[in-house]
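> Have a look at the structure that comes next, please.
The values are calculated or read from the model by the stated rules, or taken from the named source; none is laboratory data. Quantities reported herein were computed from a predicted structural model and do not represent experimental measurements. Ideal geometry is used to build each Cβ from the backbone, glycine not excepted, and the neighbour counts take in all protein chains shown.
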Amino acid sequence: MKTPLSRLAVLLTLMASGMTAAQAAPVLLDRLEASVNSTLILNSDISQFRKTEKLRSQLDPLFSGTGVAAKGPTATDREIVDFLIDEKIISQQFPVTDAEVDQEINSIQANNRIDRTALKSALAQQGFAFEDYFELIRASASKRNLIDRDIRTKVSVTDADVKNFFYNKYSKDTASRSYKLKIIVVSVANHKTGAAAKEAALMARKALQEGQAFEDVANRYSDHSSADTGADLGTVTEEQMSPAIRAQVKKLQIGQVSEVFGDPASAYYILKLVDVESGESARLEKMKEEIRNQLMASEYQHQISLWLDRQRQNAFIHRAGAK
């Protein structure tokens with residue numbers, strides 16, 4: 001059982017001075033900032049965090065990309081406490097024993113061809129205690145276990161994701177682009193009324209939302225000549241598109257399907273943007289891995305945030321001063 005902080009301060013003061021409670025007033029040696037289930041976060045933990053931030057940035061797989069990492073020394077105490085709360089949640093869900101930490105450190109030593117004494121000396125030269133390093137290795141191992149066991153399988157970045165990011169963020173040359181499209185056309189002439197044609201188009205859109213293949217849905221609903229050959233409209237430039245189709249294509253990311261559009265006088269349409277090509281293909285190829293890594297890092301942070309949100313709902317978290 002944890003000794004209450006106020007009693008702890010009194011006891012330590014009396015022990016240090018040899019005085020009795022009647023002879024000395026208590027001196028506050030630390031302060032409770034938050035608790036996560038049975039684990040306390042103290043004011044000294046904030047100080048320790050600031051002291052070891054540079055070491056953490058080298059060891060912690062989830063530190064880079066966080067708000068605290070971005071702010072560095074200007075991060076507030078509350079932001080650091082938020083980070084430590086999340087760290088405690090992960091450590092409680094994925095505990096790492098002293099023996100496992102020792103094993104990991106031994107592996108690090110072997111890879112760097114140094115012994116424990118040399119490691120401690122190298123840390124001391126940077127102003128860090130071995131105990132700080134030991135605990136950061138423990139926290140880092142917990143986070144890697146979270147990534148390996150619960151997060152990694154949820155993170156995926158496709159070539160389409162990379163292209164979408166490139167064309168949205170880095171490319172402004174829309175004139176050189178060509179678009180590979182698939183199409184479903186529901187002609188009013190082949191239905192009793194314009195309303196009936198729209199209803200058929202909406203049914204086709206619903207089937208697509210349910211995960212049915214665009215080609216299969218086109219084969220059932222489309223009046224276009226491409227319906228029997230994969231619904232392929234081919235590759236076209238913006239200049240070759242009608243204004244209505246151009247307006248829809250500009251709303252789409254690669255792989256996305258448009259809403260139903262058209263009118264009751266002629267036909268209703270559904271488009272799928274299959275791919276985009278441009279005169280910037282060489283530049284895209286050069287940046288592809290950089291973009292993929294950036295998107296992967298962002299998606300890891302997103303999935304970890306979702307995981308932490310779920311865990312917080314089941315954890316007992318208390319902040320000092322909170323009502």
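> Might you check whether a residue that is assigned to a helix (DSSP H, G or I), free of Cβ contacts under 8 Å to residues at least 40 places away in the same chain and surrounded by 13 or more Cβ atoms within 10 Å (Cβ to Cβ) occurs anywhere in the stretch 180-189?
no
> Another question, if that's okay. Could you check how many residues of the stretch 116-133 are in contact (Cβ under 8 Å) with a residue 12 or more places away in the chain and either acidic (Asp, Glu) or not assigned by TED's automatic domain parsing to the domain that holds Gln58 (or both)?
Final tally of qualifying residues: 1.
> If you don't mind, there's one more thing I want to ask. Looking at Asp223, Asp275, Asp228, can you tell me which residue is of a type in the set (D, E, K, R), surrounded by fewer than 19 Cβ atoms within 10 Å (Cβ to Cβ) and assigned to a helix (DSSP H, G or I)?
Values: Asp223 fails: assigned to a helix (DSSP H, G or I); Asp275 fails: assigned to a helix (DSSP H, G or I).
Being of a type in the set (D, E, K, R), surrounded by fewer than 19 Cβ atoms within 10 Å (Cβ to Cβ) and assigned to a helix (DSSP H, G or I) holds for just one of Asp223, Asp275, Asp228, which is Asp228.
> Still on this model: Select the helices (runs of 4 or more DSSP H) contained entirely in the stretch 53-104, then report the ones holding at least 3 residues which are under 23 Å from Thr39 (Cα atoms) and touching a strand residue (DSSP E or B) at 6+ places or on another chain (Cβ under 7 Å). Please lay out each step first, then the result.
Working: elements: 53-59, 67-71, 77-93.
Here the list reads 77-93.
> While we're looking at this one, here's another question. Looking only at the stretch 121-144, filter to residues that are among the aliphatic types (A, V, I, L, M) and not in a loop (DSSP other than H, G, I, E, B); which one of those is nearest to Asn106 (Cα to Cα)?
First, pick out the residues of the stretch 121-144 that are among the aliphatic types (A, V, I, L, M): 122-124, 129, 136-137, 139, 141.
So of that shortlist, the ones also not in a loop (DSSP other than H, G, I, E, B) come out as 122-124, 136-137, 139, 141.
Values: Ala122: 15, Leu123: 15, Ala124: 18, Leu136: 15, Ile137: 11, Ala139: 16, Ala141: 14 Å.
Per the criteria, the residue is Ile137.
> Right, something else. Within the stretch 66-106, take every residue that is modelled with pLDDT of 95 or more and among the small types (Gly, Ala, Ser) and give me the one that is nearest to Ile317 (Cα to Cα).
Ser91
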